[in-house]
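A short write-up of the structure that comes next.
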Amino acid sequence: MDEIEATRDDRTNPSVARSPVTRFVREQFPFIVALVLSIAGVAYTNASRQPLVGYWEFLAIAIGVTGVISKWSQVHSREARWQLVWTQALHWIAVLVAMNIIILSGVSQFLTTPAISLVLLTLLALGTFLAGVSLLSLQTSFLGLAMGAAVPMISWLKQSILLFLLAAVFLIGLGITFWFRNSGQTSAASSRHKSPDEI
């Protein structure tokens, strides 16, 4: 009887039924999506060779809104909420202005399109990290650090793609060589062990 009541409590109270992993993923989901979108933006820009101006601006605004929403429940007074909104709005407006200086001014003439996307990702990472420090939000700060760490990784990966390609070709060739060698030894050994009646 107690098992039936416990099962009924699990169904009626969803907080009891959720696992800690599910709860963690649900809480971190907006930050994970922001990180994936920022890396996808750099990848798309590198592939298409066209800057995604509106994309980076949308991502900056989305990260700003995510930061405000994540702290909204911790701020109780109307004045504190107003201060939260305005400080984050001013912060992200400054980041957007810095991004547009890179895109719209003559600075972009000196950079390639993939380099512009990496510069914009760097500005977005810096803005995200500073927003996390301002909000005292570990998730937002970590998102900024992860986005910042993605910049040299993307640059390094792009420069070393030829090295990875050559290493893959070498390993495939080595594997094919050993496969043919082993299959040749196996067929030679099986022909040596045949009796004279079979030949």
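When residues of the range 20-38 are filtered for being small (Gly, Ala, Ser) and modelled with pLDDT of 85 or more, how many remain? Of the residues in that region, 1 qualify.
With respect to the conditions (1) small (Gly, Ala, Ser); (2) out of contact with any Phe, Trp or Tyr (no Cβ under 6 Å at 6 or more places or on another chain); (3) modelled with pLDDT of 80 or more, Ser15 lacks only one, and its number is (3).
Residue-by-condition table, conditions (1) assigned to a loop (DSSP other than H, G, I, E, B); (2) crowded, with 17+ Cβ neighbours inside 10 Å; (3) modelled with pLDDT of 85 or more:
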position: Ser70; (1), (2), (3): no, yes, yes
position: Trp82; (1), (2), (3): no, no, yes
position: Val85; (1), (2), (3): no, no, yes
position: Gln88; (1), (2), (3): no, yes, yes
position: Trp92; (1), (2), (3): no, yes, yes
position: Gln109; (1), (2), (3): no, no, no
position: Ala115; (1), (2), (3): no, no, no
position: Val119; (1), (2), (3): no, yes, yes
position: Leu123; (1), (2), (3): no, yes, yes
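Contact annotation: residue pairs with Cβ atoms under 7 Å, 6 or more positions apart or on different chains, pairing a residue in the range 157-185 that is modelled with pLDDT under 70 with a partner that is surrounded by 10 or more Cβ atoms within 10 Å (Cβ to Cβ) and of a type outside the set (Val, Ile, Thr), are Lys158/Asn46.
Restricting the range 35-62 to residues that are of a type in the set (S, T, N, Q) and assigned to a helix (DSSP H, G or I) leaves a set whose member that is surrounded by the most Cβ atoms within 10 Å (Cβ to Cβ) is Ser38.
The values are calculated or read from the model by the stated rules, or taken from the named source; none is laboratory data. Because the structure is predicted, anything quoted here is derived from the model rather than measured. Note that we place each Cβ from the backbone using ideal geometry, even for glycine, and neighbour counts take in every protein chain shown.
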